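The values are calculated or read from the model by the stated rules, or taken from the named source; none is laboratory data. Owing to the predicted nature of the structure, the values given are computational and were not obtained by experimental measurement. Neighbour counts are summed over all protein chains in view; Cβ atoms, including those assigned to glycine, are modelled from backbone coordinates with ideal geometry. Ligands, DNA and RNA are stripped out before the accessible areas are found, and what is left, the full protein with its side chains, is counted by its heavy atoms. Shrake-Rupley method; radii C 1.70, N 1.55, O 1.52, S 1.80 Å.
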Amino acid sequence: MSTQTVKAFGTEAPTADLKQLSIERREVTAKDVEIDILYCGVCHSDLHTARNEWGGTVYPNVPGHEIVGRITRIGNEVSKFQVGDMVGVGCMVDSCRECESCKEGLEQYCEAGNTGTYNSHDKHLNIQTFGGYSERVVVDEDFVLRVPENLNLAAAAPLLCAGITTYSPLRHWNVGPGKKVGIVGIGGLGHMAVKLASAMGAEVVVITTSASKVEDAKRLGADRVVLSTDAEQMKENAGSLHFILDCVSAQHDINSYLSLLRRDGSLTLVGAPEHPLPVAAFSLISSRRTFAGSMIGGIAETQEMLDFCGKHNITSDIEMIAIQDINKAYERLLKSDVKYRFVIDMASLKN
Ligand code: NAP
Ligand code: ZN
Ligand code: ZN
């Protein structure tokens, strides 16, 4: 299969900084589109993967799965897109398309394993996939999304992961009017969850460790804020919430958050910390509570989320960076010091 050489930014070891690299991508095949990447969001999963915190990272690793850009070339069987279209690519670039999950539009739960945008097995080239910290990407049109024209393109990039990862569980657990919903961890995912749950009509309670985010939370759409480091505030809110979306990237005491749920309430984890989180039996059994998890969202639901965001004019609050600042950005991400998503201006890679 013929390939092209593409400039990218990635890492060669768990403890090494990210730096400029060259990668090989396939040439456009019949069903592919080639996208000139304009912006790419910086997800905490990029950092977990670059540093091999979940195990299984193959090096060199090029992260990035909040990709937006312009189509530059299309294969001769592409029917959904044209050259010049503004599009997005999220966390997946392929799946088996035949299993029960794929047939139900839940490609993220593909029984054969979906093909992640990075650090996944690329069946075309038989190497690992490389993500969006790069000049361009070649993707099967079935895994390409349309970005609503009224949205700022750079601020829309984080919708491709942070947006869909929070939209999908909010929908699945029927968040809407009459529901009291807690959002824990106001980073990239959490701040999108606040905006989305508020647009869905729920009463939204932000639960944060950062005093500096209390004021902002209301602007994002929260009705109330709980500072989780204040035991009194946690106690006052015990047993009050129908649903909690936990977007925390690091170790935290899950039991203290479960205590905020009412009887029959559910806490869904989307955050993916490196180590297990111990759950006390009585955190669940005493109020028939549910502890669940959710991973990104299917392709059709991702388009639904983008259209919802277009309709409600929802994008991410971003801080734009040059690719050369990515290592500093990772250090700030670890300190919960970003309001609320870094987005890389990919023009900086062409310098
Ligand atoms: P992020 O921007 O770094 O946000 C994480 C937030 O968690 C921080 O802003 C902070 O919020 C809170 N936090 C950090 N350390 C904490 C601690 N020790 N105790 C309590 N809260 C803490 O990360 P992100 O990009 O939103 O990603 C969040 C997590 O979701 C990551 O683990 C990522 O890998 C995972 N993820 C999962 C999926 C999925 O499909 N399930 C998809 C994407 C990402 P406050 O300052 O408000 O406390
Ligand atoms: Zn992500
Ligand atoms: Zn499948």
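Against the condition in contact (Cβ under 8 Å) with a residue 60 or more places away in the chain, assigned to a strand (DSSP E or B) and open to solvent by 10 Å² or more (accessible area, probe 1.4 Å), how does Val138 come out, does it pass?
Taking the combined requirement at face value, the residue satisfies it.
Against the conditions (1) assigned to a loop (DSSP other than H, G, I, E, B); (2) over 23 Å from the mean Cα position of the chain (by Cα); (3) not charged (D, E, K, R), where does Gly55 fall short? Just the number, please.
(2)
List, please: which pairs have Cβ atoms under 9 Å, are six or more places apart or on different chains, and start with a residue in the stretch 93-116 that is closer than 21 Å to Val68 by Cβ and end with one that is open to solvent by 80 Å² or more (accessible area, probe 1.4 Å) and within 16 Å of ligand 1 (Cβ to nearest atom)?
Gln108/Met295
Condition first: within 16 Å of ligand 2 (Cβ to nearest atom), buried (at least 21 other Cβ atoms within 10 Å of the Cβ) and part of a strand (DSSP E or B). Can you find one or more residues in the stretch 95-111 that meet it?
So far as the stretch 95-111 goes, no, none of its residues is within 16 Å of ligand 2 (Cβ to nearest atom), buried (at least 21 other Cβ atoms within 10 Å of the Cβ) and part of a strand (DSSP E or B).
Return the residues of the stretch 64-79 that are farther than 10 Å from Val28 by Cα and open to solvent by 10 Å² or more (accessible area, probe 1.4 Å); say none if nothing qualifies.
His65, Arg70, Thr72, Glu77, Val78, Ser79
Return yes or no: is Leu38 within 23 Å of Ile164 (Cβ to Cβ) and not in a loop (DSSP other than H, G, I, E, B)?
Criteria met by Leu38.
Which of the residues belonging to the stretch 49-62 are within 11 Å of ligand 1 (Cβ to nearest atom) and either open to solvent by less than 10 Å² (accessible area, probe 1.4 Å) or β-branched (Val, Ile, Thr) (or both)? Break it down into steps so the answer makes sense when it comes.
Of the stretch 49-62, the ones within 11 Å of ligand 1 (Cβ to nearest atom) are 49, 53-54.
The one that is within 11 Å of ligand 1 (Cβ to nearest atom) and either open to solvent by less than 10 Å² (accessible area, probe 1.4 Å) or β-branched (Val, Ile, Thr) (or both): Thr49.
Please return the ranges of strands (runs of 3 or more DSSP E) entirely within the stretch 182-272 where 3 or more residues are more than 13 Å from ligand 1 (Cβ to nearest atom), surrounded by fewer than 18 Cβ atoms within 10 Å (Cβ to Cβ) and not hydrophobic (A, V, I, L, M, F, W, C).
Qualifying strands (runs of 3 or more DSSP E): 261-269.
Looking only at the stretch 299-351, count how many residues are more than 16 Å from the chain's Cα centre (by Cα) and open to solvent by less than 50 Å² (accessible area, probe 1.4 Å).
Of the residues in the stretch 299-351, 11 are more than 16 Å from the chain's Cα centre (by Cα) and open to solvent by less than 50 Å² (accessible area, probe 1.4 Å).
Can you tell which of Val68, Val42, Val78 is hydrophobic (A, V, I, L, M, F, W, C) and either within 16 Å of ligand 3 (Cβ to nearest atom) or more than 20 Å from Ala156 (Cβ to Cβ) (or both)?
Val78
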